[in-house]
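In what follows, a single structure is set out as structure tokens and then discussed.
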Amino acid sequence: MAGKNERQRRQAREKHRRQQEQRLARQQQVRRRWAIGTLAILVVAGVGTLLLVFLPGGGAKKAPAAASKSPSASPTATATAVAEPAHHCNYASATPVAKKVSFPPATPDYTDSYQATLNTNQGKITFNLLNNKATCTVNSFVHLAQTGYFDNTQCHRLLTSGIYVLQCGDPYATATAKLTCSTTSNIGAGTPGYDFASENLTGAKYPAGTVAMANEGSATTNGSQFFIVFKDSTSGLTASYTPFATVSSGLGIVQNVAKDGYSCQYAQSGGGAPKKKVIIDSVTIKKT
């Protein structure tokens, strides 16, 4: 009996240790994704200020509408940059998977033009997608939208100082989730199960109306998460986040959400959960 009890205690200790390691790993991943890329250095009146921002993602992370005729891309070891407009896209496996979805097509419809409409509880927000400048990003976004990946999710992060963005695209932030800004939550760490390389970064600027990808701080960690710039943030953001669309209507909705501020603040990453909920009911894709 003594031997059996000792084995049970040892197994219980091992289980507890594994749980602690998993919890720590989740927290570290959330912190990386909340780092809207890297530390952005803001210089105001000659005074340098470090601002920890995020855009994963990180974080995060579908394919162009008509690209469905192409075979699905298989996971690759690493995501690599391509010339634009891209004729082939590489998508690499990533975790944690917030919502299971197939990989986008490897061959994008790089000659087509697309418009995306976020159908939200606050109204419609419409983007013109930059398919000739960020082909693989658009390919991914359209694929995710058409498979319902963004349906019934919340825009989970708002930044209103130095960087002015509303971040969306993580299914961990479900429509019914209460955003508490807890460091133990997976919200902000979600991926669609793949990531890919940044595009359209040469001379990238972030005026109001820009829609860009969030990432974990490196050029190959784009996934499903994106952000909408509601006030010029060019001086606050380095050219590290793929601009893949511009808002054609509905920017006022985001600006009104920003006026209400947050309900809680993310201690480690900056910004907070929007006080006024923005729930994406669905995303409509239209060829133009």
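Worth pointing out:
Conditions tested, residue by residue: (1) among the aromatic types (Phe, Trp, Tyr); (2) over 26 Å from CYS136 (Cα atoms); (3) in contact with an Asp or Glu (Cβ under 6 Å, 6 or more places away or on another chain).
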| site | (1), (2), (3) |
| --- | --- |
| ALA197 | no, no, no |
| PRO207 | no, no, yes |
| GLY217 | no, no, no |
| THR238 | no, no, no |
| THR246 | no, no, no |
| VAL257 | no, yes, no |
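- Scanning the stretch 99-116 for residues that are outside any loop (DSSP other than H, G, I, E, B) and either open to solvent by 20 Å² or more (accessible area, probe 1.4 Å) or farther than 25 Å from LYS277 by Cβ (or both) yields PRO105, TYR114, GLN115.
- Residue satisfying all of: in the stretch 117-144; of a type in the set (Gly, Ala, Ser) and surrounded by 24 or more Cβ atoms within 10 Å (Cβ to Cβ); nearest to the chain's Cα centre (by Cα) among these: SER140
- Residue that is farthest from the chain's Cα centre (by Cα), among those in the stretch 223-232 that are crowded, with 23+ Cβ neighbours inside 10 Å and in a loop (DSSP other than H, G, I, E, B): PHE230
- TYR164 meets the conditions (1) surrounded by fewer than 24 Cβ atoms within 10 Å (Cβ to Cβ); (2) in a loop (DSSP other than H, G, I, E, B) in every case but one. The failed one is (2).
- Sole exception among (1) open to solvent by 20 Å² or more (accessible area, probe 1.4 Å); (2) out of contact with any His (no Cβ under 8 Å at 6 or more places or on another chain) for ILE187, by number: (2)
- Verdict on THR242 being in contact with an Asp or Glu (Cβ under 7 Å, 6 or more places away or on another chain) and within 21 Å of ASN131 (Cβ to Cβ): yes
- Exclusive hit being closer than 29 Å to ALA106 by Cα, open to solvent by less than 20 Å² (accessible area, probe 1.4 Å) and among the β-branched types (Val, Ile, Thr), set THR220, THR202, THR210, THR246: THR210
- Scope the stretch 233-267; condition assigned to a helix (DSSP H, G or I) and not hydrophobic (A, V, I, L, M, F, W, C); matching residues: GLY252, GLN255, ASN256, LYS259
- Condition check for GLY270: open to solvent by less than 10 Å² (accessible area, probe 1.4 Å), over 18 Å from SER140 (Cα atoms), outside any strand (DSSP E or B) and touching a strand residue (DSSP E or B) at 6+ places or on another chain (Cβ under 7 Å): no
- Every pair of residues 6+ apart whose Cβ atoms lie under 8 Å, when the first sits in the stretch 95-113 and is under 19 Å from GLY223 (Cα atoms) while the second is assigned to a strand (DSSP E or B) and open to solvent by 70 Å² or more (accessible area, probe 1.4 Å): SER102/SER72; PHE103/SER72; PRO104/SER72; PRO105/SER72; ALA106/SER72
The values are calculated or read from the model by the stated rules, or taken from the named source; none is laboratory data. Note that the coordinates shown come from a computational prediction; the quantities given were computed from them, not determined experimentally. Here the Cβ is made from the backbone with ideal geometry for all residues, glycine too, and neighbour counts use every protein chain on show. Surface accessibility is based on the protein's heavy atoms, side chains included, excluding ligands, DNA and RNA. Shrake-Rupley method; radii C 1.70, N 1.55, O 1.52, S 1.80 Å.
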